[in-house]
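The values are calculated or read from the model by the stated rules, or taken from the named source; none is laboratory data. Just so you know, these numbers come straight off a predicted model, no measurement behind them. Here Cβ is always computed from backbone atoms with ideal geometry, including for glycine, and neighbour counts include all displayed protein chains. Side chains included, ligands, DNA and RNA excluded: accessible areas come from the protein's heavy atoms. Shrake-Rupley method; radii C 1.70, N 1.55, O 1.52, S 1.80 Å.
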Amino acid sequence: MTVVDAHLWRFSTPLVKPVAIRPGVSVSERVTLLLALTDTDGRTGWGEAAPLESFSTESLDDVEAAARSLVRSVRRHHETSSIDDVPAALHRLAAGLPSLEFALDTAVE
């Protein structure tokens with residue numbers, strides 16, 4: 001897959017009822033990052049990153065910062081050349097962030 005464009009959206013979905021994560025900690029909304037990667041043939045793959053506060057090893061802010069960096073990198077490289085090796089180039093930006101690695105994996109499948 002040769003990635004030539006990328007987009008990222010952040011959205012929040014309120015839950016009907018709060019979900020207890022552990023004693024004293026509950027979640028009343030899910031915040032999700034939606035990643036779209038488009039290739040040279042115009043196909044778009046979608047991936048979702050949704051780390052759960054107080055449960056995931058990464059923070060939503062860290063995942064979002066890395067995802068925005070990834071999007072900027074794709075756009076910057078597209079101006080001069082495309083990113084041909086998605087696993088190598090993009091996964092380096094997501095290293096150590098399982099939620100973002102999952103979003104990348106699902107977007108390029």
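Annotations
- Scanning the range 1-43 for residues that are hydrophobic (A, V, I, L, M, F, W, C), within 18 Å of Ala65 (Cα to Cα) and without any contact (Cβ under 8 Å) to a residue 24 or more places away in the chain yields one hit, Phe11.
- Count - residues of the range 5-63 that are assigned to a loop (DSSP other than H, G, I, E, B) and at negative phi: 13
- Restricting attention to the range 18-65 and to residues that are open to solvent by 80 Å² or more (accessible area, probe 1.4 Å) and of a type in the set (Asp, Glu), the residue that is nearest to the chain's Cα centre (by Cα) turns out to be Glu48.
- Meets criteria (exposed (fewer than 13 other Cβ atoms within 10 Å of the Cβ), modelled with pLDDT under 85, of a type outside the set (S, T, N, Q) and more than 13 Å from Ala103 (Cβ to Cβ)) for Phe11: no
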